[in-house]
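Working notes for the structure below.
The values are calculated or read from the model by the stated rules, or taken from the named source; none is laboratory data. If you're wondering where the values come from, they're calculated on a predicted model, not measured in any experiment. Ideal geometry is used to build each Cβ from the backbone, glycine not excepted, and the neighbour counts take in all protein chains shown.
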Amino acid sequence: MTVNQISIFLENKPESLSELTDVLAKNNINMRALSLADTSDFGIARIITDDCAAAEEILKANDYIVKTTGVIALEIPDEAGSLNKILKLLASNGRNIEYMYGFTGRKTNSACMIIRCTNMQKTEEILESNGIHTISQEELKNI
């Protein structure tokens, strides 16, 4: 099952990221995860929030260019080697990871990895058939 990630296009200037987080904070949107990438012309912030629909609406109302994408959220034990096992499993099944980032939750002893890869449905099937828990949008609110 995929969760929603919001990609926000930002100007390459010092205050862009703090302006984004200010808009989210003022509207009581909690970011669960953030990944930031840049190009020579602009930056891309990828975020997972506690309320994707509200965040997207608020960002658009504040003139941000946003795109919502499905990603897979994995719950993995917060211990050495856990991520490596999953990466080997995906590689041995021909899955190419386009990007990945992670965070730890407040209420569990697990880490959460956000991944985007080729053929998301097949990737989910591989993970679930190997006992790897994928986190739902609802579960993300409680991590």
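Structure summary
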read-out	value
Sole residue being under 27 Å from Asn119 (Cβ atoms), exposed (fewer than 12 other Cβ atoms within 10 Å of the Cβ) and not assigned by TED's automatic domain parsing to the domain that holds Ile126, chosen from Thr39, Thr49	Thr39
Enumeration of residues in the stretch 2-18 that are surrounded by 15 or more Cβ atoms within 10 Å (Cβ to Cβ) and either under 19 Å from Ala73 (Cβ atoms) or more than 19 Å from the chain's Cα centre (by Cα) (or both)	Thr2, Val3, Asn4, Gln5, Ile6, Ser7, Ile8, Ser16
So Glu56, is it closer than 27 Å to Glu139 by Cα and either in a loop (DSSP other than H, G, I, E, B) or among the acidic types (Asp, Glu) (or both)	yes
Subset of the stretch 80-104 (residues that are closer than 23 Å to Thr69 by Cβ and free of Cβ contacts under 8 Å to residues at least 40 places away in the same chain)	Leu83, Leu87, Leu90, Ala91, Asn93, Gly94, Arg95, Asn96, Ile97, Glu98, Met100, Thr104
So Ala111, is it modelled with pLDDT of 90 or more and under 29 Å from Leu10 (Cα atoms)	no
Considering residues of the stretch 29-41 that are assigned to a strand (DSSP E or B) and under 15 Å from Glu19 (Cα atoms) only, the residue modelled with the highest pLDDT	Leu34
In the stretch 71-130, the residues that are hydroxyl-bearing (Ser, Thr, Tyr) and under 18 Å from Asn4 (Cβ atoms)	Tyr99, Tyr101, Thr123
Tyr99 vs. criteria surrounded by 12 or more Cβ atoms within 10 Å (Cβ to Cβ), under 21 Å from Leu20 (Cβ atoms) and not assigned by TED's automatic domain parsing to the domain that holds Ile29	yes
Every residue from the stretch 1-26 that is over 18 Å from Ser136 (Cα atoms) and touching a Leu at 6+ places or on another chain (Cβ under 9 Å)	Ile8, Leu10, Ser16, Leu17, Glu19, Leu20, Thr21, Val23, Leu24
Matching residues in the stretch 118-136 - criterion: being buried (at least 17 other Cβ atoms within 10 Å of the Cβ), touching a strand residue (DSSP E or B) at 6+ places or on another chain (Cβ under 7 Å) and free of Cβ contacts under 8 Å to residues at least 60 places away in the same chain	Thr123, Leu127, Ile132
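Listed here are the residues, each with its yes/no results for (1) surrounded by fewer than 17 Cβ atoms within 10 Å (Cβ to Cβ); (2) among the β-branched types (Val, Ile, Thr); (3) at pLDDT below 95.
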{"site": "Ala53", "(1), (2), (3)": "yes, no, yes"}
{"site": "Ile58", "(1), (2), (3)": "no, yes, no"}
{"site": "Leu74", "(1), (2), (3)": "no, no, yes"}
{"site": "Ala80", "(1), (2), (3)": "yes, no, yes"}
